[in-house]
Amino acid sequence: MGLAIVLIQPEIPGNTGAVGRTCVALDAELILIHPLGFTIDDKRVKRSGLDYWPHVRLTEYPGWDAFLEARAPREDQLFLFEEFGSRSFYEPDYPEDAFLVFGQETKGIPPAIIARHPDRLFRLPMRSEVIRSLNLANTVAAAAYQALRGRL
């Protein structure tokens, strides 16, 4: 099925629009886990996604458990991105059917999900100690391009 970007309860419509645009560029699926902090038809989503939004392969689930039940991902397909991840996103060999998982802009991935997948936490390395995290859309783009490295 190919690479998929999973956003858990995204809050900022512009970020989701920009992520959707990246998904179109990389032929990746965008999976949104509800609840969302906006409506999917919010004009700010479409403004950030420009006229590419109709081309986004979008799937939505009412919650994480519904996603797990419907998609039944293997553990080695899941890559959860958090600022405190124990491993660099440069380390793994990403399978072609990887799920790159990102949490809310203000809270990250819910602790209950992290507890279920503690060995699947990754981070984007940063040189500066004054930065806690990167913008969600930027992080997704960097991780997605890394996951597809050598396949583009």
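Readers should treat all values here as calculations from the given coordinates under stated rules, not as data from a laboratory. Nothing here was measured: the structure is a model prediction, and the numbers come from that model. Here the Cβ positions follow ideal geometry from the backbone for every residue, glycine too, while neighbour counts run over all protein chains shown.
How about segment 87-152: which GluC sites (Glu not before Pro) there are in a DSSP loop, with at most 16 other Cβ atoms within 10 Å of their Cβ?
Filter output for segment 87-152: Glu96, Glu129.
What percent do you get for the relative contact order of segment 1-110 when only Cα pairs under 8 Å and 6+ apart count?
36
What is the extension gain from Tyr145 to Ala66, computed as 0.36 nm multiplied by their sequence separation minus the C-alpha to C-alpha distance, in nm to one decimal?
25.7 nm
Going highest first, how would you order 52-62, 132-142 by mean Cβ packing within 10 Å?
132-142, 52-62
If the viscosity is 0.890 mPa s and the temperature 25 °C, what Stokes-Einstein diffusion coefficient in µm²/s follows for segment 82-143 when Rh is the Kirkwood radius over Cα pairs?
Calculated translational D: 196 µm²/s.
Which percentage, to the nearest 5, of the DSSP beta bridges contained in segment 40-146 is antiparallel?
10
If packing is taken as the mean number of other Cβ atoms within 10 Å per residue, what is the order of 75-84, 20-29, highest first?
Listed from highest to lowest mean packing, they are 20-29, 75-84.
Quick one: what are the phi-derived ³J(HN,Hα) couplings along segment 108-121, Karplus 6.51/-1.76/1.60 with θ = phi - 60°, whole Hz, x for glycine and proline?
x, 6, x, x, 5, 6, 4, 4, 7, 9, x, 8, 10, 8
State the volume of the convex hull built on the alpha-carbon positions of the chain, expressed per residue in Å³ and rounded to an integer.
112
If the chain between Tyr52 and Ala112 were fully stretched, how many nm would it gain, using 0.36 nm times the residue separation less the Cα-Cα distance?
Stretched out fully, the Tyr52 to Ala112 stretch lengthens by 18.2 nm.
Quote the charge dipole size of the chain about the Cα centre in Debye, to the nearest 20; the model charges only the Cβ of Lys and Arg (+1) and of Asp and Glu (-1).
Computed about the Cα centre, the dipole is about 400 debye.
For segment 87-129, run through the trypsin sites (Lys or Arg not before Pro) and keep only the ones in DSSP coil with at most 11 other Cβ atoms within 10 Å of their Cβ.
Lys107, Arg127
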